[in-house]
Each structure stands twice: as C-alpha cells, then as structure tokens.
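Here is the structure we will look at, set down as structure tokens.
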Amino acid sequence: MNQYVVFLFCSLFVFGFVCADTISSSIVCSGASWVSSSVLGKSTSLTQDLFTTDPATIFRELVTGERLQAKVVAQSAGPMGIEEYSSVREQTSTDPWLCIFDNEGNQTKRSHETYVLGLMQQGEYSSVRIPAPEDISRYLMEINGSGIILTRSFSGDSNQTLTHASDVAGIMNITELMQFGEKDGD
C-alpha cells in the first residue's frame, strides 16, 4: 500500500512540473460580483478586473506555462465594469544574470501593450488574450451591449511603432482583433 502512495505522490510532483497551472471559474449571481486576476512573468504581464451587478454570469480561464492564455466571457443585465491589460517585452541580453532594469547589454527587442477599459449599462463581453514574447501575440475582444469602451494598443521594435485607440459610447457591437509579432522567417 505504501508503494502506491509513494508512486502517486511522485506522479503528482512530476505532473506539477510538466503541466501548466490553470485557474477556471464560473459565476452566476443575482447580486454583485467582482473578479480579478494577474500574472507577472519574465517577459509578460496580464491583469484582468471585472465587476457585474444584477443577474450576471462570468466564465474565466487562465492558463500559464509555456504559453499564457486568458479567456473571459461575461454577461450582465445591469452595470458591468471591465479592465484588462497585457504587455510583452522581449529582451535581448548578453548576460543572462543581468537585471532587466539595467540598459547596458539588455535592450528591449520588441514590445507591445493592450488595454481595455469600459463601463457597460448592460450587455455581453468576451475576450481572449494570448501574449507571447517569442511568437505571435493575439488579442480578440467582442462586445455587444450599451455603455462606453476605451481600447488602446501599442507595438514597437527597433524599426517601427504602431499605436491604436478606439473610444465607443452608446449601443454597440464591437469586434477587435490585434495580432503582434512574427516568427523568424515568416
């Protein structure tokens, strides 16, 4: 019996190092809810804050590991607040022990940021965020409802800078897809 316990413990220990961390939540409420999550990594950061009132549903999934992924679907018959931020900073360094705040020999090769801020009277909001420092980063947002939404994005490398902003108020149906970066050779 003890050998099975040791095997199970070792399997779970190894499984924890091989697999990614995942957080999923499903909330259905008739009152108020507030959810928040954040991830700070070596080259990526992500924050998400949502609040809802009145009858509402929120489904969220956050996966970390080789590739960070965040998915949110929220629907509310009353007010809903949205704040999402993500950034990627791909660094180049000749010394792996160099602090990222030290500029000598450790320069930002490529960076991009996305930001969504909104206050809805009612409606549906969904987003998928996949920030990737060494691959293509993708951000998809869909909104159907009424209120006000502000979106901002920035991308820059040594050759070009791209900025985007959209401000929408009133009854809206919005889909925004942002994709940054490319693999070498593409």
Under a point spin-label approximation (7 Å from Cα along Cα-to-Cβ), what is the LEU40-LEU119 distance to one decimal in nm?
2.9
First select every other residue whose beta carbon is under 10 angstrom from the beta carbon of MET178; then total the charges, Lys and Arg +1, Asp and Glu -1.
+1
Formal net charge of residues neighbouring PRO131 (Cβ-Cβ distance under 14 Å; K, R +1; D, E -1):
+1
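Ignoring any ligand, DNA or RNA, what whole percent of the accessible area of the stretch 133-186 comes from carbon and sulfur when the probe is 1.4 angstrom?
Details: 1590 of 3410 Å².
Carbon plus sulfur share of accessible area: 47 percent.
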Which net charge results for the neighbourhood of HIS164, defined as the other residues with beta-carbon distances under 13 angstrom from its beta-carbon, given Lys and Arg at +1 and Asp and Glu at -1?
-2
Taking amide H positions as placed in the peptide plane 1.01 Å from N, state which residues far from ALA132 in sequence (5 or more) or on other chains have amide H under 5 Å from it.
SER137, ARG138
Run the dipole for the stretch 19-77 about the Cα centre, Lys and Arg Cβ at +1, Asp and Glu Cβ at -1, nothing else charged, and hand back the magnitude in debye, nearest 20.
140
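The values are calculated or read from the model by the stated rules, or taken from the named source; none is laboratory data. Every value quoted in this text rests on a predicted model; they were computed, and no experiment measured them. Here the Cβ is made from the backbone with ideal geometry for all residues, glycine too, and neighbour counts use every protein chain on show. Only protein heavy atoms, including side chains, enter the accessible area calculation; ligands, DNA and RNA are left aside. Shrake-Rupley method; radii C 1.70, N 1.55, O 1.52, S 1.80 Å.
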